[in-house]
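Read-outs: derived from the displayed coordinates by stated rules, not from any lab. The structure presented is a predicted model; accordingly, all values stated were derived computationally and were not measured. Virtual Cβ from ideal backbone geometry, glycine too; neighbours counted across all protein chains shown.
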Amino acid sequence: MALRMWASSAANALRVSTATASRPAFSLFRSFSAVVEGLKYATSHEWVKHEGSVATIGITHHAQDHLGEVVFVELPDVGKAAKQGAGFGAVESVKATSDVNSPISGEIVEVNTKLNDTPGLINTSPYGEGWMIKVKPSNPSELDSLLGAKEYTKFCEEEDASH
């Protein structure tokens with residue numbers, strides 16, 4: 001199941017549909033509070049940070065929030081090719097297993113082996129220690145097709161509201 005589809009379903013399942021005086025409605029904004037400026041985002045809920053000749057990739061705070069506790073991460077081998085929009089690995093949580101897609105194309109030059117022993121880093125530090133792969137981009141202009149922080153926040157709000 002694609003991460004985007006699963007995140008949408010999870011958001012729908014987690015949403016509190018009614019509010020009472022004693023219990024406010026679930027705030028969708030809590031999932032978007034950790035969108036980081038300066039990164040690019042795919043609509044499949046991965047982020048990319050391009051620095052020099054390398055781009056670091058991981059899943060967003062929004063995605064990990066909907067997945068729940070991450071218990072296993074499947075990572076690709078160094079040297080393999082990543083293709084924009086294609087899967088490169090998977091994240092297994094207590095709720096589901098979801099494919100992770102690459103937001104850009106290129107050669108995988110490093111994988112975060114810390115995730116083998118501590119997959120929960122994706123939950124506790126999705127934009128820091130929880131990164132998944134580093135790629136040498138083959139077509140840096142692909143970054144132009146990705147969303148900025150404000151656009152990604154709006155996308156998530158609209159996606160969750162429609163489900």
State the extension gain, in nm to one decimal, for the chain segment bounded by His163 and Thr124, taking 0.36 nm per residue of separation less the distance between their alpha-carbons.
11.4 nm
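Show me 95-105, 79-89 ranked by packing, highest mean number of other Cβ atoms within 10 Å first.
Working: 95-105: 21.3, 79-89: 16.1.
In descending order of packing, they fall as 95-105, 79-89.
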Just subtract the alpha-carbon distance of Thr97 and Lys49 from 0.36 nm times their residue separation and send over the number in nm, one decimal.
14.8 nm
Which whole-Hz ³J(HN,Hα) couplings does the stretch 68-83 yield from phi under the Karplus relation 6.51 cos²θ - 1.76 cosθ + 1.60, θ = phi - 60°, glycine and proline marked x?
x, 4, 7, 10, 7, 10, 9, 10, x, 8, 4, x, 6, 8, 9, 10
